[in-house]
Every structure is written in structure tokens, then in C-alpha cells.
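Everything on this sheet refers to the single structure shown next.
The values are calculated or read from the model by the stated rules, or taken from the named source; none is laboratory data. This one's a predicted model, so the numbers in the text were calculated from it and none came from an experiment. Using ideal geometry, Cβ is built from the backbone for each residue, glycine included, and neighbour counts are taken over all protein chains shown.
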Amino acid sequence: MRNRFITERTEANNYLWPVLLISAIAFLFNLNGWGVTETSEARYAEIAYEMYQSGDYLHPRLLEIQHYHKPPVTYWITALSYHIFGPNAFGARFFLQMMILIQTWIVFRLSEILTTNKKIAITAALIYISFPAVLISARALTTDAYLNTLVLLSVFFWTKRRITHRPIWIYLTYLSLGLGFMTKGPVVFIIPAVTIPLINRLFPMKHKKQGVHHITGLVVFLISGVSWYLFLIWENPVFLDYFVIDHTINRFATNQFHRGEPFWFYLAIVPAMSFPWLLLAIWHASKKLKNSFSYIQLLWLWIVIPLFFFSLSSSKLILYVLPIFPAIAIIAASTWHHLPEKDKRRWNRVLFVYHLLILVALLSAEYFIPEAINFSVGMYIIIGLIGILITFQVIKIRQTQITAPIAGTFSLLLVVFSTYFMQANPRIANDQRNVAKAAKAKLSDGGDIMVYDRRLPSVAFHAHQPVISIYNGNRGLERETQFEKTDKWKNYLIDINDNRLKNPSFFKGDVLLSRISDADEPAFKNLERFFAQRDIVDGWVILYGNTQ
């Protein structure tokens, strides 16, 4: 029996590595083809760049003003990537792609452990990389993919601990939780708080005296997860209220950060971001839920309880619920494996229609999006490959063993398509790399890049120099300056009524940027008179030519 399991596991690994290799090629393909995008990706990329430049890895800064909205692990990883690949869009995104591959591997391994079935495990991995939510998390730098990886690792390590009884897995669990806490704070505990007690029930073990290992593990957690917070609180006790009240309680209970959505938001978005697999699992779930406790109940609770918790929160974004998608992939794969062939063919047709609708949407998008869409040769090639894949899918519609591979392949083609799309359509992608390059080219010696009433870290990142923001009421420029020890920040954030802006010589050698939509505002018109020349790049007005 043991030899058979080892053989099956080896065969499953033989399938997994090609999946990971092909996925890596798709995720890394043309990764530097478009610039970091506003607002979130550019913010994280620029904070990491300012760390990389200054060498200060304890005090995150955004546009030369301290910025503590998130703990530093994401910035540290990104800064490390800059040291390896240089401060560019590829460097900003590289380790993000590695996180998706690690997540896929963990989904495979957890599936293998929970179901003891190699086919379910490889199907779960393929389903996971087909989820739109996972693909979105790979395309733009945020904390969510890193947090999801660490959450998954903590669940995997704890499961290994219950099976092997080896203390090393306890330490790795605490380390994962600590790094997750240093990535996004207390939210790291939500999934483990649900799954660890259920894993204990699923894999019972005779109680051994392991208190010393847990105490040591707690020390590991405190060092890896709490030390940075304690250091800042030691520097300035105000940080305690800042982290606990403003960025924990208020994020959950209020709309302070303007991310409010209705209670049902995730109930609609999660099925859409995992279509059709979650609906498939729900549709065929009734009989399995009546059985005694098993991994099926564990997975459903992994999905339902966090989903309810996040639905209660006032602050909602799509990727906040990313850690429930591994459970969806595993339970969908298990459900698929046990379906009668007739039901598999029915869902195969649903998946075909879904793929066909996406292809139609790609071909007709230019008729529905207000912005003009530029189609590159690469985009047409990928659309052609998607068409071939869908044709193959309909020809082989009765061969359900290829359903998951087709779903995974389709999504990886969309990943490659997205790189060409964003490269060809910087205005739609909110990519200001061309703007930054044009602005820097028009600077005179000693001049600065100024931005009118917008927070634009992407320009600072791609120009590799600080920008000066001119504030005229835009909420994005309402910065937290209470932690600044000097007034130096006032050189980088200037109020529109500042007397310096009334002096033409203040703008000598400078470039001033404005969204076209803001360029008719009287305050901007008043500044425009100090510049002799005007260009427009990707929806941005570029003023330059001040010689006074």
C-alpha cells in the first residue's frame, strides 16, 4: 500500500511540474511590458523604491512622506527584487509571480493530503490557476498575494505537524503567521483560526508534551511578526492607537478608507471570480454535507466562515477574500472527481459557453469601452490561440478528463493577453510610464516634476526621482504627516494657496503634469501661465519651458 502511494505521488508530481513550468512562463512573459499602474501597484512599488534608495527599511515613505498603512514585508520583498533585477516594473512584480506558483504547489499538496488522490490534487492545481481572482492578484503588486501565500503555508505546515508529529512544523507555522502579521496585520489569523481546529479534528493525535515547542514558536512569531510594531511604538507611543484603532478597528467597522461595499458584495463577486467551479461544488454538495465530519466539511467551513466575516466588514476589495479560493479549488476538484460522467459533460458545456462569452467580449470590447482600444499584433495572436483552444474544447466536449487542463490553459492565455493589452493601452491600464519618461526628458538641470492635485507615485517610480504634489482638494493627497520630525515634507506636498506658487521663478526648469480632466480648473490655468510649452501624453497635460 505504501509503495502504491509513493508511486502515485511521484506520478502526480510528474504532472505538477509541467503545470508550474508552463504557468511560470505565462506569468513572467512580458512582465516589464507595461509600467506600474495606479493606484495600488504604483504605491507599493514606489514605497519599496524609496526604501531601496534610502536604505531605511523600518520607516516606509511614499513621495517623501512617512506612510504606515501596511507593515513592511511586501516592501522588503520588492526592494530585494530591485537589488536583483533593478528598480523596474519586472522587479516590482517578479516575486509576486513566484507567490502564485507557491500557492499552486500548496493547493496541490493540501489536496493530496486531504483527499489522498493524485488526480484530485492535479485537478485542484489546474482549477486554482484558472480563477480570475488569482490572475488579478498576479498582475498588480499588492500585499494580498503575499498574505495568501503565508496563510496557505501556515495551514499546510500545521497539517504536516498533525500527520508527522515533528516539532519543526510547529515552528514553521508560527513563522508563517508572524510573517503574515508583518505583511497585513491581524487578518492573517482569520483562515488559520477556522481551519486549525478542524485540522486537529480531522487528524487526531495523541497528546504529547509539546508546550516547550509552542513557547519557542511564540517567540518565533513575536520576532518575525511583532518586532517591527514594537520598535515603532517604542519610538513613538502614538503608533499603538494608530495601528489598533485606525488600521484595525476602523478598517473593519467604518468606511474611513472609502472602500465600502454592501453586505452582499462578496456573495456576488466570489462565484464570479471562481466561475463555474464554486457553483458546481454548491450544486452537488447536499449529499456530501450529510456525511460524518471529513475534509469536505473542513473546506466548506474554510469558505463560508471567512466569507461571512469579510462580508460584515465595511472595507471590501476583491482580493481581501483571496485566501478562500484554495479551498474552493480543492472542493471543486473533489466534487468533479466524484461526478457521474453525464454531469461532467453538462458542466463542460457550461465552461465552454463561459470561455466563448469571454472571447466575444474581447473581440467586441472596443464597442463598449469609452476609451479607444489599441489592438496589437500580440493581442490578435493570443485571441487566435484562444479561438483554437475553444474550437478544440467543443470538438472534445465529451472528453471530460481534459476539462481542468483546458480551464487552466485558457486562463494562462488570458494572462499573456493582459500583458499585451496593458502595454498597448496605457491610458486604460492607468499606466503613466510614458508620461514619466516624457516629463523627465523635458526637465532642465535642477528642475522638478510637479503634479497638479493628484498623488502619482508611478511617475516618481519611473522617473526615479521625487515628485512635488500640488494639493487642491484631492482626497488622495490628504497625507498623514503626524510622524514627520521636520518640515521637509512641505517641499513635496504644497498647498495650492502657498505663496511659492505665485512666484514664476519657483518653476524654473520644472515640468508640471495634470490630468486632462483637471486642466480646465482655474487654479491650474493660473499655474499654466508660467510655462511656455504644452504637450499631451496618454491623457496627461505636460507643461514645461519655464526659463524665469
Filtering region 25-68 down to residues that are touching a helix residue (DSSP H, G or I) at 6+ places or on another chain (Cβ under 6 Å), among the aliphatic types (A, V, I, L, M) and more than 15 Å from Ser458 (Cα to Cα) yields Ala26, Leu28, Leu31, Met51, Ile65
When you look at Pro197, is it out of contact with any Phe, Trp or Tyr (no Cβ under 6 Å at 6 or more places or on another chain), loosely packed, with under 12 Cβ neighbours inside 10 Å and either outside the structural domain of Leu114 (by TED's automatic domain parsing) or more than 24 Å from Thr143 (Cα to Cα) (or both), yes or no?
no
For Leu240, state whether it is surrounded by 13 or more Cβ atoms within 10 Å (Cβ to Cβ), at pLDDT 85 or above and in a helix (DSSP H, G or I).
yes
If Ile136 meets every condition in (1) closer than 18 Å to Ser23 by Cα; (2) surrounded by 21 or more Cβ atoms within 10 Å (Cβ to Cβ) apart from one, which number is that one?
(2)
Quick check on Leu299: is it crowded, with 17+ Cβ neighbours inside 10 Å, in contact with a helix residue (DSSP H, G or I) (Cβ under 9 Å, 6 or more places away or on another chain) and under 30 Å from Asn200 (Cα atoms)?
yes
For residues in region 438-483 being surrounded by 15 or more Cβ atoms within 10 Å (Cβ to Cβ) and of a type in the set (D, E, K, R), which is nearest to Thr39 (Cα to Cα)?
Arg455
From Gly408, Gly378, grab the single residue that is crowded, with 19+ Cβ neighbours inside 10 Å and in contact (Cβ under 8 Å) with a residue 40 or more places away in the chain.
Gly408
Of these, Tyr44, Tyr52, which one is aromatic (Phe, Trp, Tyr), at pLDDT 95 or above and under 27 Å from Asp241 (Cα atoms)?
Tyr44
Note: among Leu31, Leu16, Leu20, just one is in contact with a Phe, Trp or Tyr (Cβ under 8 Å, 6 or more places away or on another chain) and at pLDDT below 95, namely Leu16
Test set (1) charged (D, E, K, R); (2) within 27 Å of Glu50 (Cα to Cα); (3) touching a Leu at 6+ places or on another chain (Cβ under 7 Å) - Glu528 fails condition number:
(2)
Boolean, Met422 is in contact with a helix residue (DSSP H, G or I) (Cβ under 7 Å, 6 or more places away or on another chain), among the aliphatic types (A, V, I, L, M) and either part of a helix (DSSP H, G or I) or crowded, with 20+ Cβ neighbours inside 10 Å (or both):
yes
Residue among Ile127, Ile84 that is surrounded by fewer than 23 Cβ atoms within 10 Å (Cβ to Cβ), modelled with pLDDT of 95 or more and under 24 Å from Ser176 (Cβ atoms)
Ile84
Residue list for region 35-51, restricted to those being within 17 Å of the chain's Cα centre (by Cα) and either in the same structural domain as Leu412 (by TED's automatic domain parsing) or among the aliphatic types (A, V, I, L, M) (or both)
Val36, Ala42, Ala45, Ile47, Ala48
Checked against (1) surrounded by 18 or more Cβ atoms within 10 Å (Cβ to Cβ); (2) within 30 Å of Ile163 (Cβ to Cβ); (3) not aromatic (Phe, Trp, Tyr), Thr116 satisfies every condition except (1)
By residue number, the members of region 119-173 that are aromatic (Phe, Trp, Tyr), in contact with a His (Cβ under 9 Å, 6 or more places away or on another chain) and either closer than 17 Å to Pro197 by Cα or not assigned by TED's automatic domain parsing to the domain that holds Val19 (or both) are none
Of (1) outside any helix (DSSP H, G or I); (2) farther than 28 Å from Thr78 by Cα, Leu513 satisfies all except one. Which?
(2)
Inter-residue pairs, beta-carbon under 7 Å, first at positive phi and in region 61-77, second surrounded by fewer than 19 Cβ atoms within 10 Å (Cβ to Cβ) and outside any loop (DSSP other than H, G, I, E, B), 6+ apart
Glu64/Trp489
Restricting to region 484-502, name every residue that is surrounded by fewer than 12 Cβ atoms within 10 Å (Cβ to Cβ) and without any contact (Cβ under 8 Å) to a residue 12 or more places away in the chain.
Lys485, Thr486, Asp487, Asn497, Asn499, Lys502
Meets criteria (closer than 27 Å to Ile373 by Cα and either surrounded by 12 or more Cβ atoms within 10 Å (Cβ to Cβ) or within 38 Å of the chain's Cα centre (by Cα) (or both)) for Val537:
yes
Looking at Ala145, is it under 20 Å from Leu317 (Cβ atoms), surrounded by fewer than 24 Cβ atoms within 10 Å (Cβ to Cβ) and under 16 Å from the mean Cα position of the chain (by Cα)?
no
